[in-house]
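Just so you know, all these numbers are worked out from the coordinates, no wet-lab data involved. Just so you know, these numbers come straight off a predicted model, no measurement behind them. Every residue, glycine as well, gets a Cβ built from its backbone with ideal geometry; the counts of neighbours run over all protein chains shown.
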Amino acid sequence: MSTLDLGYRPLVYMWIAEYNDDSCLPQFDPETGRANRFAEIDQSKLCRFGWYPFSAEMAAKILDMTVIPTRNPYHVVELKEGDKLFAVRRNHIEFGIMGGGVRRVESLYLLGVEGGEILKIKENGELYEDT
């Protein structure tokens, strides 16, 4: 990751919502790079949801935020009727008490079904293990 302070952590994953009618809604339009809102996901038709790394081609199309292409693995959850998706990117900021300053800690990408196991995915694609 760059040490350049953007005011936020660059994205390393984008989401794709897959529906039971074989259509999908990606976080970013593959033709234009325009962002779709998470609220646009049709939960009633949702059958799969995943965090996918950016390809270099996709990253080049996204102009309104900083994204980093990687070779990270993708992470997907299957949803059955009645399941409620839990997916969020969790940002964390630490404030220095003695010396001041702010440090933006690595983002976690969370994925699962409410009431079930929730995966915590680090920016390098590895799963975070609670200790």
- Taking the Cβ of each residue in M58, M65, M14 as the centre, tally the other Cβ atoms inside 10 Å and list the residues starting with the fewest. M65, M58, M14
- Treat each spin label as a single point 7 Å out from the Cα along the C-beta direction, and report the E117 to A56 distance in nm. 3.5
- Of T66, G116, G33, farthest towards positive along the dipole that unit charges on Lys, Arg, Asp, Glu beta carbons give region 13-121: T66
- Message: Please list, by residue number, everything in region 46-88 whose backbone N is under 18 Å from a paramagnetic label point 7 Å out along Cα→Cβ of N20.
- Response: 46-50, 77-86
- Task: Would you kindly work out the equivalent ellipsoid of region 13-121 from its C-alpha gyration tensor and give its semi-axes, the square roots of five times the eigenvalues, largest first in whole Å?
- Result: 27, 20, 12
- Efficiency of FRET from Cβ geometry, E106 and V76, R₀ 30 Å, rounded to 0.05: 0.90
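Can you put K122, K80 in order of Cβ neighbours within 10 angstrom, beginning with the fewest? Present the calculation step by step, with values, prior to reporting the outcome.
On the way: K122 15, K80 7.
Fewest-to-most ranking of K122, K80: K80, K122.
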- Item | Links that overshoot a 20 Å alpha carbon limit, given the list K45/K120; K84/K122; K84/K120 | K45/K120; K84/K122
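Among S23, S55, which comes first, second and so on when ranked by fewest other beta-carbon atoms within 10 Å? Could the numbers behind the result be given before it?
On the way: S23 10, S55 13.
Lowest to highest Cβ neighbour count: S23, S55.
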- Task: Quick one: compute the contact order of region 13-121, relative version, from alpha carbon pairs under 8 angstrom and 6+ residues apart, as a percent.
- Result: 20
